[in-house]
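Below: the structure, in structure tokens.
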Amino acid sequence: MNQISTQARHIGIVGAGAISGHFAARLALAGHRVSILARGATLHALDASGLRYTCPNEAERVVPVEAYAHSADMGHQDLVVIALKSHTLPGIAASLTPLIGPDTIVLPVGNGLPWWYFLAPGQPLEGLRLASVDPDGDIERAFALEHVLGGSVMASCSSPAPGVVHHHSGGNIVIGEPCGGVSARANGWAQLLSAAGLPTSASEDIRRDLWIKLLGNACANPLSLITQASTDRLIDDSGTHALFANLMKECLALGRCAGLSLDIDIAQRMERTRRLGAIKTSMLQDLEAGRHVELDAILGAPLECAKQLEFAAPLMQMVFALARLRAAQAGLYGEHAGAR
């Protein structure tokens with residue numbers, strides 16, 4: 001498929017949380033046929049009332065979408081957007097194969113490092129399989145690499161109730177080929193998403209873009225989980241400001257060691273984050289809502305990379321240990337997740 005037209009497409013959304021709802025609402029409002037794979041209270045809410053969607057400076061809209069409990073009922077899709085928490089994907093990956101036709105594009109847009117990150121040929125650490133993200137290879141078996149476009153979303157969204165999504169700020173998206181380089185299909189899908197109100201660009205190096213996003217997630221998310229503080233307080237406090245900056249410095253050095261070209265001014269990056277105000281990270285939102293937190297993709301995966309490279313990452317290891325214990329104490333990580 002060399003070119004993507006802006007005609008209505010069949011688009012499957014896997015997951016019905018904040019980011020997935022943002023995608024679903026925008027694409028459905030643009031006239032695409034959007035099917036959401038959901039369950040439980042969210043499935044019931046979407047069936048009964050549609051998707052209730054708000055964004056800055058606009059009144060709430062009720063967006064009609066098709067909601068399904070089983071992927072087999074959805075059939076092949078032109079695009080499958082996977083916006084699940086990373087720890088949930090291995091358990092359902094095999095069940096998603098009915099969505100995949102010969103030309104289907106799979107676009108994962110979660111946090112942290114995705115399962116495919118080191119699988120592309122010709123890239124540094126080629127062939128490294130991230131056990132923290134795909135422990136038994138279930139995702140890799142379900143989605144052949146040629147179907148995948150990498151995606152990174154820089155948006156603040158929340159889902160305060162089943163079937164309800166608020167888009168608060170941001171929204172820029174980058175997509176790109178796992179092997180690097182800008183392809184016709186990446187350009188085409190970027191144009192289609194942009195036309196639907198999801199500003200998207202095709203990236204020359206999506207692995208670099210994902211690591212740049214990781215810089216924020218690997219610092220702000222676990223620190224907010226440990227302290228239960230919003231990002232403005234983390235940055236304004238002198239002690240956590242220093243920890244935030246040093247953690248980001250370590251993560252940046254690890255990315256460079258992994259062969260990525262990263263020219264990032266840490267002070268400027270933190271200042272941009274501070275200007276966003278009192279942001280609750282996704283991990284803090286999950287803690288407050290009693291949902292399993294996705295520490296493994298955000299810190300476990302880069303630490304796997306560090307081990308492979310024999311790169312010392314003491315701050316990342318320390319913060320990972322503290323965040324895991326904090327989440328486990330709340331019943332939101334590991335074998336006790338969801339127990340309460």
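Which of the three applies to segment 209-336, rounded, prolate or oblate, going by the alpha-carbon gyration tensor with a ≥ b ≥ c and a/c under 1.5 meaning rounded?
oblate
For the chain, the longest stretch holding no GluC sites (Glu not before Pro) located in a DSSP loop with at most 15 other Cβ atoms within 10 Å is which?
205-309
How long are the semi-axes of the ellipsoid equivalent to the chain, from square roots of 5 times the Cα gyration tensor eigenvalues, in whole Å, largest first?
Semi-axes, largest first: 29, 23, 20 Å.
Which one, ILE279, VAL319, ILE298, projects farthest toward the positive side of the charge dipole computed for segment 209-336 from Cβ point charges (K/R +1, D/E -1)?
ILE279
Quickly estimate the mean residue ellipticity at 222 nm for the chain, helices only: each DSSP H run with n ≥ 4 gives -39500 (n - 2.57), and the total goes over all residues, rounded to 500.
My calculation for the chain gives -12000 deg cm²/dmol from helical runs alone.
For segment 10-204, what class follows from the C-alpha gyration tensor (a ≥ b ≥ c being the square roots of its eigenvalues): rounded when a/c is under 1.5, otherwise prolate if a/b is larger than b/c, else oblate?
Since a/c reaches 1.5 and a/b is larger than b/c, the shape of segment 10-204 is classed as prolate.
For the cross-link pairs LYS85/LYS249; LYS280/LYS307; LYS85/LYS280, which exceed 22 Å when the distance is taken from alpha carbon to alpha carbon?
LYS85/LYS249; LYS280/LYS307
Please compute the contact order of segment 10-204 in relative form: average sequence separation of alpha-carbon pairs under 8 Å and at least six residues apart, divided by the residue count, as a percent.
Value for segment 10-204: 22 percent.
Bear in mind these aren't lab numbers, they're just calculated from the coordinates by the rules spelled out. Keep in mind the model is a prediction, meaning the values are calculated, not measured. Please note: Cβ atoms are built from the backbone with ideal geometry, for glycine as well, and neighbour counts cover all protein chains shown.
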